[in-house]
Amino acid sequence: MDQLSKFVLDKGIVIDEDILKVDSFLNHQVDMEFMNLVVDKFYQEYKDKKIDKIITLEVSGIAPATLLANKLNVPLVIVKKQKSLILKDNVYSSNVKSFTKNKVYEIFIDKNYLLENENILILDDFLANGQAALGLVDLCKQANANVVSIGIVIEKTFQKGGNLLKEQGFDVFSAIKIASLKNNKITLLDGE
Ligand code: G4P
């Protein structure tokens, strides 16, 4: 078992059959040993691909996306969940339905930071039902930018997001794949 798998098994806390608590290393406290393991894995996957820019959705995608953007030497754009005095016009926007949070929210990106024909790597912390990733894909479509790949820190393969994105022809690379959270136990996908 690799270090990353061991980390998730040791530090992840099963809340129920669908939700894994990762507050101690990913989405509240950010653990640098964990992040560096994740980012090294992403870097090996993406270092030879033509990527012009990374986009991620605030908040928890920002840490891994920043470290990877630094390694790949490309800009990172943080897609926002709220408009502001500054970000209000000249934006692409999309609606995202969150099953986990049972709400629909709008996401925004300034048109100046997502350009036609740019090669985009989408990065996010979790892949569950795939709705956040699809919202980010939609922004790229509106800009006529190319989605090179969708990079995910933790994919829950027992939920439908991964298949949904692959069926639509997208490349999906997940650093950690969780097959099940049943019986209060984290089961990683076989062979991962
Ligand atoms: P989807 O995008 O794949 O359809 O997922 P969904 O709407 O169900 O999940 C949206 C939010 O819930 C995301 O956070 C995601 O990180 C989080 N989430 C999904 N599954 C889990 C899980 O098993 N454990 C934890 N801890 N979070 C999960 P968000 O609202 O975008 O939060 P943040 O990025 O602002 O922190």
(message) I122 - would you say it is under 15 Å from T56 (Cβ atoms) and either of a type in the set (F, W, Y) or in contact (Cβ under 8 Å) with a residue 40 or more places away in the chain (or both)?
(response) yes
(request) List the number of the failed condition for S60; all other conditions in (1) part of a loop (DSSP other than H, G, I, E, B); (2) surrounded by 11 or more Cβ atoms within 10 Å (Cβ to Cβ); (3) among the polar types (S, T, N, Q); (4) away from the ligand (no atom under 14 Å from the Cβ) hold. (result) (4)
(request) Please name all residue pairs, on different chains or six or more residues apart, with Cβ atoms under 9 Å, provided the first residue is in region 127-142 and is at negative phi and the second residue is buried (at least 24 other Cβ atoms within 10 Å of the Cβ) and in a loop (DSSP other than H, G, I, E, B). (result) A132/G61
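For every residue, the table says whether it meets (1) within 14 Å of the ligand (Cβ to nearest atom); (2) of a type in the set (D, E, K, R); (3) part of a helix (DSSP H, G or I); (4) surrounded by fewer than 18 Cβ atoms within 10 Å (Cβ to Cβ).
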{"site": "L134", "(1), (2), (3), (4)": "yes, no, yes, no"}
{"site": "V137", "(1), (2), (3), (4)": "yes, no, yes, no"}
{"site": "Q142", "(1), (2), (3), (4)": "no, no, yes, yes"}
{"site": "V147", "(1), (2), (3), (4)": "no, no, no, no"}
{"site": "I150", "(1), (2), (3), (4)": "yes, no, no, no"}
{"site": "F158", "(1), (2), (3), (4)": "yes, no, no, yes"}
{"site": "N163", "(1), (2), (3), (4)": "yes, no, yes, yes"}
{"site": "G169", "(1), (2), (3), (4)": "no, no, no, yes"}
(request) Identify all residues within region 94-115 that are surrounded by 15 or more Cβ atoms within 10 Å (Cβ to Cβ) and either more than 16 Å from the ligand (Cβ to nearest atom) or on the phi > 0 side of the Ramachandran plot (or both); write none if there are none. (result) D110, Y113, L114
(message) If I go through region 18-37 residue by residue, how many of them are exposed (fewer than 14 other Cβ atoms within 10 Å of the Cβ), more than 10 Å from the ligand (Cβ to nearest atom) and assigned to a loop (DSSP other than H, G, I, E, B)?
(response) 1
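Which one of I120, I78 is in contact with a Cys (Cβ under 9 Å, 6 or more places away or on another chain) and either under 30 Å from E33 (Cβ atoms) or in a loop (DSSP other than H, G, I, E, B) (or both)? Walk me through how you get there before you give the answer.
Working: I78 fails: in contact with a Cys (Cβ under 9 Å, 6 or more places away or on another chain).
Selected residue: I120, the only one of I120, I78 that is in contact with a Cys (Cβ under 9 Å, 6 or more places away or on another chain) and either under 30 Å from E33 (Cβ atoms) or in a loop (DSSP other than H, G, I, E, B) (or both).
Laboratory data are not the source of any read-out in this text; all were calculated from the coordinates shown. As the structure is a computational prediction, the values presented were derived from the model and not from experiment. Neighbour counts run over all protein chains shown; Cβ positions are idealised from the backbone, glycine included.
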